[in-house]
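Here the structure is laid out as structure tokens; the discussion comes afterwards.
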Amino acid sequence: MSNPYADDPTVAAEYIGGGRWRQKGATYTTTSVADAQQRLADAVQRIEARRELSDQAKRVAIARAYREARDHITAAGQQAIEQIETQRRTLTRRAFGQEGTADPTAAISRRDADTRAAQLEKPAEAARLLARAERNGDEHLARAIAAHAAELGWSDVLGEYVGSRPDTADTITQLRQLPDTSDPSFKLQHAMTYSVAQPPQLGGMHDYSIDALADSDMDVP
């Protein structure tokens, strides 16, 4: 069974056997990338079949086809990252955001809460400050601590926050399931996913050399 999450870059998945997939912390090949790779392979095959072209003309045409595929896949990879981060911002606002207000006192309180939360370095101290905020009815501080805990993966602190706000549980679960785009393993998997194999006719040239070849003045109809 193929990966049912393949076309959603905000969902990571892994195969667990028996035709089953589950969400995980990495992303896998998308249909868009596979299509671009196939278009390149087809283009190379058509170019090679053209007997009227010189070897150099074929190399130029293949370089242009490769650059088009590479740039398409690079853009798709960047779009996938942007979609993940947009989803993260949306879910973060939904779980921890505050309603907009023209009250300057509330704005100052939120900024102060954000500053205090950002200084927390250990989950134990975050839990203590969250408990104090809950006792004092300081919603600004409680939300700021929970957002900080979500960013750092402090599950116990988040659990305390959700315990008194069960309506946020689904949103926070979705937030925690998003891949960490700064994680080295994600970056490696992402780079592997959003890459294109260079046609052997280009001889392992660096991309800047391929771009120079593609930019040549040679007219290849």
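The values are calculated or read from the model by the stated rules, or taken from the named source; none is laboratory data. Source: prediction; values computed, not measured. Counting neighbours? That spans all protein chains shown, and the Cβs are built from the backbone with ideal geometry, glycine included.
Only helices (runs of 4 or more DSSP H) whose full extent lies in the range 62-165 are considered here, and the ones with at least 1 residues that are under 17 Å from L178 (Cβ atoms) and at pLDDT below 95 are 139-152, 155-163. Under the condition of being under 28 Å from A80 (Cβ atoms) and in a helix (DSSP H, G or I), the residues counted in the range 201-221 number 7.
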